Every structure is written in structure tokens, then in C-alpha cells.
1. Looking at B:Ile20, is it surrounded by 12 or more Cβ atoms within 10 Å (Cβ to Cβ) and in contact with an Asp or Glu (Cβ under 8 Å, 6 or more places away or on another chain)?
2. What are the residues in region A:153-171 that are at the interface with chain B (Cβ under 9 Å from one of its Cβ atoms) and either surrounded by fewer than 23 Cβ atoms within 10 Å (Cβ to Cβ) or in contact with a strand residue (DSSP E or B) (Cβ under 7 Å, 6 or more places away or on another chain) (or both), if any?
3. Looking at B:Tyr317, B:Tyr275, which one is within 13 Å of chain A (Cβ to nearest Cβ), in contact with a helix residue (DSSP H, G or I) (Cβ under 9 Å, 6 or more places away or on another chain) and modelled with pLDDT of 95 or more?
4. Kindly indicate whether any position in region A:319-335 is among the hydrophobic types (A, V, I, L, M, F, W, C), within 14 Å of chain B (Cβ to nearest Cβ), over 26 Å from A:Arg256 (Cα atoms) and in contact with a Ser or Thr (Cβ under 8 Å, 6 or more places away or on another chain).
5. I'm checking my understanding of the structure. Among residues of region B:106-140 that are of a type in the set (D, E, K, R) and part of a loop (DSSP other than H, G, I, E, B), which one is farthest from the other protein chains (Cβ to nearest Cβ)?
6. Here's a check for you: in region B:1-51, which residue that is of a type in the set (Ser, Thr, Tyr) and over 39 Å from the mean Cα position of the chain (by Cα) is nearest to B:Ser85 (Cα to Cα)?
7. Quick one: which residue in B:Glu97, B:Glu132, B:Glu53 is without any contact (Cβ under 8 Å) to a residue 24 or more places away in the chain and within 21 Å of B:Pro21 (Cβ to Cβ)?
8. Residue by residue through region A:240-256, note down the ones that are aliphatic (A, V, I, L, M) and in contact with a helix residue (DSSP H, G or I) (Cβ under 6 Å, 6 or more places away or on another chain).
Amino acid sequence: MATTSERETLALRRKVVGLLERGKRRRREEEEEEGSVSVSVSVEGTKKASTSRCFVASCFSRERVEAHVRFMLSGLKQLSPGFASLDASRPWLLYWVVHGLSLLGFEYERGDTGGEKLVPAAWYPYHEEVSEQLRSALERAPNKRACLDFLGSCQNPSGGYGGGPQQLSHIATTYAAVAALVIVGGKGALEQVDKAATKEFFRKMQVRQGDQKGAFTVHNGGEVDMRACYLAMAVCRMLGLDTDFLDVEGMVEYIRRCQSYEGGFGGEPGNEAHGGYSYCAFAALSLVGKEDEVDLYQLLEWVSNRQQPIEGGFNGRTNKLVDSCYSFWQGSLVCLVSDCYNQKFGADSCEAFHSEALQDWVLLCCQLDDGGLRDKPGTNPDYYHTCYSLSGLSLCFRIGAPDEGKTDLLCNIRADKLSEVMTKAVQSFV
Amino acid sequence: MASEAELLSEQPEWADLAPIPQREGVEPVVQIMYDKDYSDAMGLLRALMLKGELSERALHLTSVVIFMNSAHVTVWEFRRCVLSSLNSKMRWLAELEFMHEVNEMNTKNYQLWNHRRAVLQVILPTTPVERERNSSLRADTMVSDHTLEKELAHLSAVFEADSKHYHAWAHRQWVVGRHKCWATEMELTKAMIARDVYNNSAWNHRFFVLENRTDRREGGDKGGGGGREESEFTLEVLHAVQCLERAPENESAWTFLTGFLFKSPHFLSVSAKEYSLVVELLTKFCKVQAMAGGRKGGSSSAAGGVKCVSFEANILYLLALRLSGLEDEGLPLWGDLAPDLDPRAQAQAAIAKWEALKGMDAVRRAAYGMKIRIAEERILGSKSL
């Protein structure tokens, strides 16, 4: 007799298989329709060749990109009262939107007057064909100064960013704010971050003794778990802070204790292996160069089994349903583990998971005609899933892709945006 | 809830307080168009926080906001400040009732579970610091009747609605570990696994209990009487195997077995002889599975086949690593096993299985290729990766 979860899984699988069939037909039709366009683009020659690995051109027609961009833009200015549950996550909302947009090829103009607008990037594959509708939507979107001012209003003098103005600093929203600053305004924007206070905030949040020594509490009085380890390390990377001021050894030991018998990591020692926490664990270790402190083979075993043969996407835990956000959490984790091994072998990065299968799941099952991407069929699209589905899709094209065409595996901001703030030389924006 | 005409700030009890509006830029971004009630209550709350007023009405106001947004980190933290300041046992106990009401609407955010832990630390203290805090509370009238049993029952109720609720399982592990109430946990996981053999959270909890329980009797890992001599180690393997007989494609049981085989020798006593017997049993079980799968055909047995072959390959490789002294060196068991087994032959057998899996399980082809490379480098090339 099938249990409830079994029945749910089977029902979903049937639905997905149906969708896949329909989706494949649809995609073939689309391709046939677009045939003339892609031919005309390809004869443009060298310019196209440099962007041929760009995942945007590979995954989306112009209409599709524009639908997703419009969906993302709908979150940038005003949100309905229903979003009150995200009132303590507003820097996240901004990050999801601007990161998703930047992956699709839309970013703020360079410059530091503050009046800069969102525009298609130079490499955006449909640069010459931006519709009037989208142009005016971009024109109405908040300018760079508005974004930077908002993020600035979330920063607290005692260090860190809260979920909104006049809110308590939280490590998660600190990550979201710093990542958004880099995406929106590059190195110049990071000037607003009080680095000394940020360090002090992290120092205060790190647990000094006991079972949880080395781990971080997400805010003063908050919970201690794996997320905070990663988020603190990622912020240090983006701000160029040396992690010497923290108990890195203690943190590594805490992370080690969170690896479950399955090979993935839980939020706390003993907890079930989970995609989000596993990403956080291994990315945190990678950020401090301590990947060898955990059982790499068992991690590979666990994470590679998270990609599901029928759906093509990843699930977050053993025997759970596939969810598109794990396209990034598990997808980048399997890339990190694979890269780690290849480095040991002296080999180049190679494809770490089944790229076409993942693309089929995201593009055929999670994409909406009106724009936006969703968890799975039957759910509504949202900014979080759109952001992480797109991040996951970009992984499918990362091998050999230029920096602007892929996301950084450790910080999840576009690789060119990260290297721009990482360069030691001071760049002045013209 | 107040209607538009009676906003909180317009009521007499708040007349002394001017709400502080939220700072918003000239051109706001990601701006939430709050309901009037919400922004009004938040305005009052900001005023209270600025004033540092840790009063009964402040407590009430945090309740009002939490019912509108139970994920507001700052409000929960302020609520704990108020509770600490009121220092009343009755107030802390009432928190559980309040949490119950909030849980009626939502059980899934970090704030709820963090608060629950904070409350339990006050009313069910375990450490000297917690006890001291507890004994310094104003006693009021209410006697503490919140017991561990009630807390565990609450969690069981949450599992009724969602048997894989991540926060709830993490909370259960916290409670059980902290209060050392291991007695009912194996039964719980057994029942939950019997109800849904695919419930990986229940399997994980079972492993957690086996690894961490502190109530094992001295030398007590021999199973029941009646001449049965199976140890806890063997019984646990048999339980997983029985589950697999019913559902051979169940990854939870396979990963449990793999984990248990290589981790449990660190927390259960097991002899080399017994270990060898169990490995032999599992090898036979896999062979039977392969034959049954070949007869039946169909998609479910194909999935079972993949899981089973993948398990066999893993066991061969992980054992080979230990027999070669490349992993887990400190454990004498691996040395005791070594004479009968040849690590190189085992690694080669694992590689052959992974080659076969590339064809059977195409979605994970890249990983099988990587595993082959790893085994070649680590065991056949004997490099210390």
C-alpha cells in the first residue's frame, strides 16, 4: 500500500512526465519558430560567437527573457501587503531581484552619479531588439541611488544590516545587502559598508565556547546554525576581509560535526542532510580553504544522488520532492565537490551533473509564460525561486563561459561583479 | 483586530506615545504596501523600543505584531527583552500558550523555533546558569506544569501534519539531547518508518538516537534473551534489510545502511566476525535483489536495481579504503578484517559496478565517472588524496 508521501510523489511524477512531453513539443515548436532569428543572429559572426556560451541565449527566446525581466522588475519598486511576512527580509528581496536581472543580462549603468538606470548589458544577446514595453519598464525602475540608499538605511552603526530600516542586524540580511551592493554598484557601492563595525558584529555573533564553539548566531539572541557560518564567510570574501579575526578553526570543527551519515550536512550536528545547509557548509569550507576537513567522497555520493532521473531537477533531501531552488544549492555544491577533486587530479573542471536534465526541469516545468520561475508545477512563481533557478541554469553553461555569463559558486553573484570588487587596484568608474 | 476606525495608536492606552514612522527613502525600493494596522502597530513598537519600555503593554504589542508577521526578527527579540525584564514565571509559561496560537497559523520559520528554545531554557532548565535564572523568577501563582512529555507530544502533533518538518525534527533532537530523554525515541522512529518507509527524517532521527543515546546498559548491546545472540549492530542492519525487502528502491534505507556500516563501529561494539557476517549477508541480499529485479522488470525494480548496485559499489570501495589504512586508521576493527579481503580487488569490483551504473543511471553518469577516477587514484594508484 502506498503511503501518502509515496502517492504524492507518484502523482507529481506523472504530472511532470506529462509536462515534459508537452514541454518538449512546445520547445521544438519554439525552436522552429525561432529558427530564422537564430540563423540571422549567427551570421552576425564574431560577436555572436563570443556570446554563444551565454546561458541566456541558449535557454530563452527574447520574449521569454523579457517576461522574466518584467517579473523581476515587478518586485523592485512596490509590493502588495501580502509581502509583510518578508518585512524582515527586504535586502533579500532586492538581492533576489538584482541578481536574477544581472544573470539575465540587465544591470545598472556604470557611473557614480546615482542617477544610473537599469540597462541591458553589452553582452545581452537580444541587445538590438529590446521591446518598447520593456524599455519603459526599465525607465520606471528605481535608479542606482535609490537601491544604495535603501540598503544604507538598513545598516546599523554597531555593524551589520537588518531586514529593513530600524531593524536588528542579522547575518543573513547582511549577506543579502552586501551582495546586492556589489551587484548594483560594484566597488564604489561598498564604500557605504562600515567594515570595522561589520567585523565587530561578526566577532560578537561567533560562539566562543561550548558545543557550538566556532559557529555563529544569526543575530543577537538568535539561532545558531550552518547558514550563519557560510554567510559570514561570504561577506568577508566580498568585502575583502581577512578571516583571521574569527575562530576559523572552531567554525571548521562545527561544520565537520554537521556532516551526517548520508554525506550531506544538516543545520546543526545530528540534523538531516539538507541541500541548503550542505551548500552553506561546503561553501564556507571552500571560502577558508578547508575542503579536506570533511568526507568529500560521501558528500559527492549524497549530492550526486539528489538529481532525480525522472524530473531532472534536484531535491533537497533524500526522498523529498524536486524543487527548482536546489538547482543552485545542490547544483553548485556538486560543481564545488567536482572541482575540488579535479584540482587534486590536476584536471580541468568538468561537467558535474546532468546539465540537459536540469535544464529540462527548470525550463519545461518551472517556467511561466507570464514570467517568473516556480518551485514546481502547481506552485506560484516568486522572486526567490526565480533567482535560484536562474543561478542553477547558469551552472549548466559554466564550463568555458566568460565571467559575465556565470555565477560565482561561492558568493552567488555574477563572477565578473565579484572579480571587479576583488581586484586590488582602485578602479574609477567613468 | 482593530478596524480602520480604531487603530491602536488612536486608543486611549497609547495616547501618551507618538508612533515613529519607518524611514523610507525619497524613491523607495522593495517597498511593502503595509496594511494600516501593521504600520500603525510597528510605529508604536518603534516608539516603545526607542524609549526602552519593557512593560506589559509592550508584551501585548509584540503579540499583535507577531500575529500579523511571525517572521519579524526584531519584534521577537524585543519580546524576549520584555519577558526578561518582567521576570515572571507566569509570563514565561504563558509563552507556550501564545506559541500554540501562533503555530495555528504557521510552524515554519526560524523565529518560532528559536523562541521556543529560549522559553524552554527558562522553564525547563538543565544547566546551573539556567537553574539560577529559573529560581530567581517571580513565582506568581502558576506552577510549572509544562513537562518534557508535553513538549514531545507537541512535536508529535506537528509531525502529524508534516512528518518531515525540518525545524521540528531539529527541535526534537535538541530537546532529547539536552534532557537525555532517549527512552521513547527508538520506538517513535520505528513507528514512523513503519508508517512511511520513505520518511528520511525518521531514518535520520533513528541514526541520531543510535549514535548519541546515553541510556545503553553497560555491556548491554546483546539483544533479547531466548538464546538470541544478535547484537544491537546486527538487529539494526536486519531492521533496514526488512524495510528494503518491502521497498528495494528506498534510498533512505540504503543510505542508512551505508552510514551505519561505517560509522557505528565508533559507537557500538562489534567484532570482526560479526561484521564479516553482516557484510556477507548484505552481499547475498543484493544478489537476491538483482535476480528478483531481473525477473520482474518494470521501472520500480529498475530504480531498486540502481540503488542496490550503487550500494554494493560503495560498500566495496569504502571497505577497501579502510582495509588499506587510508581512512579511519584508529579503529582496530578494520585491521582485524583485513586478512580475508583484498582492497585492490574490491576497488576493481567497485569500478566495474560504477561502469555498469553509467548505463543504468544516466543522470548521474558524471558522478560515477568521478568515483571511478577517485578509486583509481586512491587505491589502485594508492595516492594519498
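The values are calculated or read from the model by the stated rules, or taken from the named source; none is laboratory data. None of the values given here were measured: they were computed from a predicted structure. A quick note on method: Cβ atoms are made from the backbone with ideal geometry, for glycine too, and the neighbour counts reach across all protein chains shown.
1. When the stated conditions are applied, B:Ile20 does not pass them.
2. Result: A:Ser153, A:Gly162, A:Pro165, A:Gln166, A:Leu168, A:His170.
3. That would be B:Tyr317, the only listed residue that is within 13 Å of chain A (Cβ to nearest Cβ), in contact with a helix residue (DSSP H, G or I) (Cβ under 9 Å, 6 or more places away or on another chain) and modelled with pLDDT of 95 or more.
4. Checked against the condition, which is being among the hydrophobic types (A, V, I, L, M, F, W, C), within 14 Å of chain B (Cβ to nearest Cβ), over 26 Å from A:Arg256 (Cα atoms) and in contact with a Ser or Thr (Cβ under 8 Å, 6 or more places away or on another chain), region A:319-335 yields at least one hit.
5. Among them, the one singled out is B:Asp140.
6. Quick first cut of region B:1-51, residues of a type in the set (Ser, Thr, Tyr) only: B:3, B:9, B:34, B:38-39.
Narrowing the set further to residues that are over 39 Å from the mean Cα position of the chain (by Cα) leaves B:3, B:9.
Details: B:Ser3: 31, B:Ser9: 24 Å.
Among those that are of a type in the set (Ser, Thr, Tyr) and over 39 Å from the mean Cα position of the chain (by Cα), it is B:Ser9.
7. Values: B:Glu97 fails: within 21 Å of B:Pro21 (Cβ to Cβ); B:Glu132 fails: within 21 Å of B:Pro21 (Cβ to Cβ).
So the residue among B:Glu97, B:Glu132, B:Glu53 that is without any contact (Cβ under 8 Å) to a residue 24 or more places away in the chain and within 21 Å of B:Pro21 (Cβ to Cβ) is B:Glu53.
8. Hits for region A:240-256 are A:Met251, A:Val252, A:Ile255.
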